[in-house]
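Taking it in order: structure first as C-alpha cells, then the write-up.
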Amino acid sequence: MAHSTQPAGIQRRAFFKVAGITAALKSSAHPAQPADKALIIDCQSHLFFPEVLDMMRKRTSDPLVYDKDGTTYLKMGDWLRKVPPFYLDVDAKLAAMDANGINITMLSTNDPGPEWFGKDGAAVARLIHDSLAGVIAKHPTRFRGLCVLPMQDEKAASEELDRCVNKLGFKGILLYTNLADQWCDEPQFRWLFARAEELGVPILLHPAKPMTTEQTKGYELTSTLGNMFENTIAMARIIASGLLDKHPKLKLVCPHLGGTLPYICGRMDHQITVLKRSTQTLQRKPSEYLRSIYMDIVSPLPEAMSFALDFSSEDRLLFSSDHPWVEPKAILDPLRSLKLPAATEAKILGGNARTLFGL
C-alpha cells in the first residue's frame, strides 16, 4: 500500500493565500504586444513540480519516482520516463516562451494524474494545483492554469474543480484520455462534461499512459503511435457516445490535430450513418462533430496542419507547443511555412485561444 500523500509536501502548500492569488490574476494585464505581431497563446505546455516529485519519492507503489546515477525516473509499471531538471524549471519555460514570442501559456502538469493515486487522489490534486497556483502568482501575466482532477472520486473532483475555477482562477480542465485504464467517456465520468458546460470552461483532452502500450512499445513507438491512438480512440468514443448531443455548448479541445481521426472519420461516418453500426442515434454525422470541436496543432508537419485547416476551419485550430517535450519552434516553423493569410495565422496563434479561454 502506498504511503499517505498528506504529510509535509501537501502541508507546505498551506501558505498559499487564495484571495491573493485571485487578486494577482485579476489585476494582471496582457504582456505588451507590438502592433505588427500576433498574440501567441500556448494551449498545451507542461511543468513538473518539485513538491509533487518529492511526494512520489516517498511512495512504495506505483506511480513513484526514484533517482539513479544522477537521473530522476518516473515509474508506472514497466513504463519508465526520465525527468530531467528543465522539466521542473520555470525560468527555462519562460526563456522558451520569450525566444518564440509566446505571450501566455496555459500551464498544466503531466501524467500521472490524481486518478492513479487511489484514495490519496484528492490530496495529490490539491498539491498539484497549489504548486501550479504558486507559479502563476509569481508570473501572472504569463501563465494561466488548467486543472487535473481526482476522477475516481466524483465528490472530491467536483469540489476541486470548483476551487480551481472559482478561487484559483484556472481557465480549463485537462482531462486524460484514459483515467487509470478507463476511457474518459465512461458513465462514471460523464458528470464532468455537464459541469464543464455549466461553468463554461473548456475541457482539453490529453493522452495519458496509453492503453495500447503493449502494442506500441516495440521500437520505442509508444509516444509516436500510442499517444495518437489514445487521442483518436477517446475522441471517437466521445462522439459515438452522444455526449456532444447532450452537451451542445461544451467547449472541447482534442490535441495533436485530432490524432488520426480527421483522416479516417469518413469511415466513421459510413459505419454509423449508413451501416447503422452504433449503440446511439446521433443527430449529426461524426465528421460534423469533429469539425465543431477545437484541435491543437501539435504535429510538426505542415501538410498535416494544412489538412486540418481544410478539414476544420481557421476558427477551430489552436497553437500549442507541448513544451518541454517539443520546442515551440518545431510547431511554429511548419505553421509559418504555410504562409497563411495574416488574419488566419493570428487566429491560430492566439485569437481563437483568447476567445475560448476568455482571456
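Condition check: closer than 26 Å to GLY351 by Cα and of a type outside the set (Gly, Ala, Ser). Does LEU282 satisfy that? Taking the combined requirement at face value, the residue does not satisfy it. One residue stands out in segment 127-167 among those that are open to solvent by 10 Å² or more (accessible area, probe 1.4 Å) and among the polar types (S, T, N, Q): the one that is farthest from ILE104 (Cα to Cα), namely GLN152. With the requirement that a residue be of a type in the set (S, T, N, Q) and open to solvent by less than 60 Å² (accessible area, probe 1.4 Å), what does segment 41-83 give you? Residues satisfying the conditions are GLN44, SER45, SER61, THR71, THR72. Counted as qualifying within segment 186-296 are the helices (runs of 4 or more DSSP H) with 1 or more residues that are at pLDDT 95 or above and over 18 Å from the mean Cα position of the chain (by Cα), namely 191-199, 227-241, 243-246, 261-269, 286-292. The set of residues from segment 265-283 being among the charged types (D, E, K, R), closer than 11 Å to ALA240 by Cα and open to solvent by 90 Å² or more (accessible area, probe 1.4 Å) comprises just one member, ARG277.
Determine whether ILE102 is assigned to a helix (DSSP H, G or I), at pLDDT 95 or above and surrounded by 21 or more Cβ atoms within 10 Å (Cβ to Cβ). For ILE102, the condition - assigned to a helix (DSSP H, G or I), at pLDDT 95 or above and surrounded by 21 or more Cβ atoms within 10 Å (Cβ to Cβ) - is not met.
Taking the conditions exactly as written (modelled with pLDDT of 95 or more, buried (at least 22 other Cβ atoms within 10 Å of the Cβ), more than 15 Å from the chain's Cα centre (by Cα) and part of a helix (DSSP H, G or I)), does VAL124 satisfy them or not?
Details: modelled with pLDDT of 95 or more: yes; buried (at least 22 other Cβ atoms within 10 Å of the Cβ): yes; more than 15 Å from the chain's Cα centre (by Cα): yes; part of a helix (DSSP H, G or I): yes.
The answer is yes for VAL124.
Just one of the numbered conditions (1) touching a helix residue (DSSP H, G or I) at 6+ places or on another chain (Cβ under 6 Å); (2) over 26 Å from LEU309 (Cβ atoms) is not true of GLU214: (1). Within segment 76-87, residues that are touching a residue at least 24 places away in the same chain (Cβ under 8 Å) sit with their Cβ atoms under 9 Å from residues that are in a strand (DSSP E or B) and surrounded by fewer than 16 Cβ atoms within 10 Å (Cβ to Cβ), at 6+ positions apart or across chains, in these pairs: VAL83/THR71; VAL83/TYR73. Can you name every residue in segment 76-91 that is in contact with a helix residue (DSSP H, G or I) (Cβ under 9 Å, 6 or more places away or on another chain) and more than 17 Å from SER131 (Cα to Cα)? Across segment 76-91, the qualifying residues are MET76, GLY77, ASP78, TRP79, VAL83.
If I filter segment 177-194 for residues that are among the hydrophobic types (A, V, I, L, M, F, W, C), under 18 Å from VAL298 (Cα atoms), open to solvent by less than 10 Å² (accessible area, probe 1.4 Å) and touching a strand residue (DSSP E or B) at 6+ places or on another chain (Cβ under 7 Å), do I get at least one hit? Looking through segment 177-194, none of the residues is among the hydrophobic types (A, V, I, L, M, F, W, C), under 18 Å from VAL298 (Cα atoms), open to solvent by less than 10 Å² (accessible area, probe 1.4 Å) and touching a strand residue (DSSP E or B) at 6+ places or on another chain (Cβ under 7 Å).
Scanning segment 176-205 for residues that are closer than 16 Å to THR232 by Cα and among the aromatic types (Phe, Trp, Tyr) turns up TYR176, TRP183.
How many of the residues making up segment 332-359 are in a helix (DSSP H, G or I) and surrounded by fewer than 18 Cβ atoms within 10 Å (Cβ to Cβ)? Walk me through how you get there before you give the answer.
Filtering segment 332-359 down to residues in a helix (DSSP H, G or I) leaves 332-337, 342-357.
Next, only the ones that are surrounded by fewer than 18 Cβ atoms within 10 Å (Cβ to Cβ) stay: 333, 336-337, 342-344, 346, 354-355.
The total comes to 9.
Taken over segment 84-99, the criterion of being over 28 Å from ARG336 (Cβ atoms) and surrounded by fewer than 17 Cβ atoms within 10 Å (Cβ to Cβ) is satisfied by PRO84, PRO85. Of all residues being among the hydroxyl-bearing types (Ser, Thr, Tyr) and surrounded by 19 or more Cβ atoms within 10 Å (Cβ to Cβ) in segment 288-331, which is farthest from ALA96 (Cα to Cα)? Just the residue, please. Selected residue: TYR289.
The values are calculated or read from the model by the stated rules, or taken from the named source; none is laboratory data. Everything numeric in this text was worked out from a predicted model, so none of it was measured. Counting neighbours? That spans all protein chains shown, and the Cβs are built from the backbone with ideal geometry, glycine included. What goes into the accessible areas is simple: the full protein's heavy atoms, side chains included, and nothing from ligands, DNA or RNA. Shrake-Rupley method; radii C 1.70, N 1.55, O 1.52, S 1.80 Å.
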